[in-house]
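What follows is a set of notes on a single structure, which appears directly below.
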Amino acid sequence: MKIINSRSPFETEKAGEDFASNLTESKNLLVALYGDIGAGKTCFFKGVAKGFGIQGTVNSPTFSIINCYQGKKLPIFHIDAYRLKGHEEILNIGFEDYVSDGICFIEWPERIESLLPKSVIKVRFNIDNETERTITIE
Ligand SMILES: Nc1ncnc2c1ncn2[C@@H]1O[C@H](COP(=O)(O)OP(=O)(O)OP(=O)(O)O)[C@@H](O)[C@H]1O
Ligand SMILES: [Mg+2]
């Protein structure tokens, strides 16, 4: 377990970048990002994208539900489960195929908890105050 104290959005992004740099790209890898609204999940993923060498803008999948990027070897999926109503909806968007084809980063994973594989990496974001976050990587 790794605990990071972030004092700015920049540090959270850097934590994401370091996380991705230490990760071996492999299929069926799922990273669950837990934390309240504004905790820094998307900010962290922006760093992850950088770490994977993804160029260009990374937006929150709040409305799109899922964004797809090309990593070094595999597709990287950024999913926001916040708006999903029930498991059926996520299965309908092809969740299982995304998992088996690449690496998935999921915000609001508690919405689809029972669909998460056992091999999930859990990252928790805690809001300490306006500018500080505690990031725990399981
Ligand atoms: N140390 C910090 N790390 C990350 N974000 C921070 C930090 N301090 C302040 N912030 C602010 O908190 C917000 C984090 O937003 P972000 O979109 O990453 O949250 P989120 O967890 O993805 O929320 P949501 O559940 O709504 O998608 C930003 O407005 C950012 O500027
Ligand atoms: Mg977000």
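The values are calculated or read from the model by the stated rules, or taken from the named source; none is laboratory data. All values reported here derive from a predicted model rather than from experimental measurement. Don't worry about glycine lacking a Cβ; one is built from the backbone with ideal geometry, like all the others, and counts go over all protein chains shown.
Here's a check for you: in the stretch 1-22, which residue that is touching a residue at least 60 places away in the same chain (Cβ under 8 Å) and of a type in the set (A, V, I, L, M) is farthest from R133 (Cα to Cα)?
That would be M1.
Which condition does G71 not pass, out of (1) over 13 Å from the mean Cα position of the chain (by Cα); (2) surrounded by 14 or more Cβ atoms within 10 Å (Cβ to Cβ); (3) under 18 Å from Y34 (Cα atoms); (4) small (G, A, S), if it passes all the others?
Answer for G71: the failing condition is (3).
Could you grab the pairs with beta carbons closer than 9 Å, sequence gap of 6+ or different chains, first residue in the stretch 34-60 and of a type in the set (K, R), second one part of a loop (DSSP other than H, G, I, E, B)?
So the pair list comes out as K41/G35; K41/S60; K41/W108; K46/V58; K50/V58.
Can you name every residue in the stretch 1-47 that is over 11 Å from the mean Cα position of the chain (by Cα), over 25 Å from E96 (Cβ atoms) and of a type in the set (A, V, I, L, M, F, W, C)?
Once the filter is applied, which keeps residues that are over 11 Å from the mean Cα position of the chain (by Cα), over 25 Å from E96 (Cβ atoms) and of a type in the set (A, V, I, L, M, F, W, C), the stretch 1-47 yields M1, I3, I4, F10, A15, I37, A39.
Which one of the conditions (1) within 16 Å of ligand 2 (Cβ to nearest atom); (2) closer than 23 Å to E110 by Cβ does L29 fail to meet, given that it meets all the rest?
All conditions pass for L29, except number (1).
Can you tell me which of (1) at pLDDT 95 or above; (2) buried (at least 21 other Cβ atoms within 10 Å of the Cβ) is the one P61 doesn't meet?
Failing condition for P61: (1).
Among the residues of the stretch 37-58, what is the count of those that are crowded, with 16+ Cβ neighbours inside 10 Å, within 11 Å of ligand 1 (Cβ to nearest atom) and of a type in the set (G, A, S)?
So the answer is 3.
Please identify the pairs in which a residue from the stretch 114-138 that is farther than 16 Å from N5 by Cα has its Cβ atom under 8 Å from the Cβ atom of a residue that is in a loop (DSSP other than H, G, I, E, B), counting only partners at least 6 apart or on another chain.
P117/N28; S119/N28; I121/E138; K122/E138
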